[in-house]
Structures are given as structure tokens and as C-alpha cells.
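Reading through the C-alpha cells given below for one structure.
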Amino acid sequence: RAMRDGLRALGLELLPADESLCASTLSAIRYPTGVDAALVGGMRDEGIVVAGGLLPELKTTYFRIGHMGAHQESDVLSVLGALERALDRSGAEVELGTGLAAAQRALLREA
């Protein structure tokens, strides 16, 4: 929940759009206008591994963040922080800290 709240706060579109259809083990995110798969490399440069899309008809339009296995609240915040910076470097309109703040609020609600 915290990851998705952070992604939405950044103005990113999730696939599927209907939250009830989203998997709990994965978030699929459309690249914002003007941003492409180079974003995945930008995240990797920060030590965060995300994956490109898989669906043949959409694979160049989105990337994936996995939520499987053991992870902690700090992992959510690390991924969102790296994503904010990678988006900024890619020229996307992003206000740094917006996604992190939304995730922090979600984590506090869940505590």
C-alpha cells in the first residue's frame, strides 16, 4: 500500500488502474510522457533493480517493481527515493519528496 500511495503521489499511472485488480507482489507503472526504459538503468545505477514490462503489446510503456520476499519499510522508501531521483534526471516533472511523504503517511497508518 505504501509503495502504491507513493507512486500515485508522484502522478504515475499504475497498471491495472483498478486497485482491486492489482497484485500484492508487484506494481506495474507506466512511464510518464517523455520517459522511456532508460529509467530502469537509472534505477540500477542507484543499486535498485526494477524490471521492464512483459506484456508484448505494452512492454515498452511500463516497468515493474517487485514486492515479493522479505522486505522492510526502509526498502519501500529506498526504492521510491531512487525512483524520484531517476525520474528527475530523466526530465520528468517530479517534486522530490512527494512520493516518499505519501509512503511515510501510509506506513504510519499501517503501524
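At a glance:
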quantity	calculated
Positions within segment 40-59 being in contact with a Gly (Cβ under 8 Å, 6 or more places away or on another chain) and open to solvent by 50 Å² or more (accessible area, probe 1.4 Å), in sequence order	Lys59
The lone exception for Leu7 - which of (1) open to solvent by 90 Å² or more (accessible area, probe 1.4 Å); (2) closer than 19 Å to Ala106 by Cβ it fails	(1)
Those residues of segment 83-111 which are free of Cβ contacts under 8 Å to residues at least 40 places away in the same chain, aliphatic (A, V, I, L, M) and either surrounded by 18 or more Cβ atoms within 10 Å (Cβ to Cβ) or under 24 Å from Ala38 (Cα atoms) (or both), in sequence order	Leu96
Filtered residues of segment 60-73 (kept if open to solvent by 20 Å² or more (accessible area, probe 1.4 Å) and of a type outside the set (A, V, I, L, M))	Thr60, Thr61, Arg64, Gly66, His67, Gly69, His71, Gln72, Glu73
The listed residue being aliphatic (A, V, I, L, M) and either open to solvent by 50 Å² or more (accessible area, probe 1.4 Å) or over 14 Å from Gly99 (Cβ atoms) (or both), out of Val35, Val76	Val35
Subset of segment 14-30 [open to solvent by 20 Å² or more (accessible area, probe 1.4 Å) and closer than 16 Å to Leu80 by Cβ]	Leu26
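The values are calculated or read from the model by the stated rules, or taken from the named source; none is laboratory data. Computed from a predicted structure; not experimentally measured. Cβ: placed from backbone, ideal geometry, glycine included. Neighbour counts: every protein chain shown. Quick note on the areas: whole protein, heavy atoms, side chains included, nothing else; ligands and nucleic acids left out. Shrake-Rupley method; radii C 1.70, N 1.55, O 1.52, S 1.80 Å.
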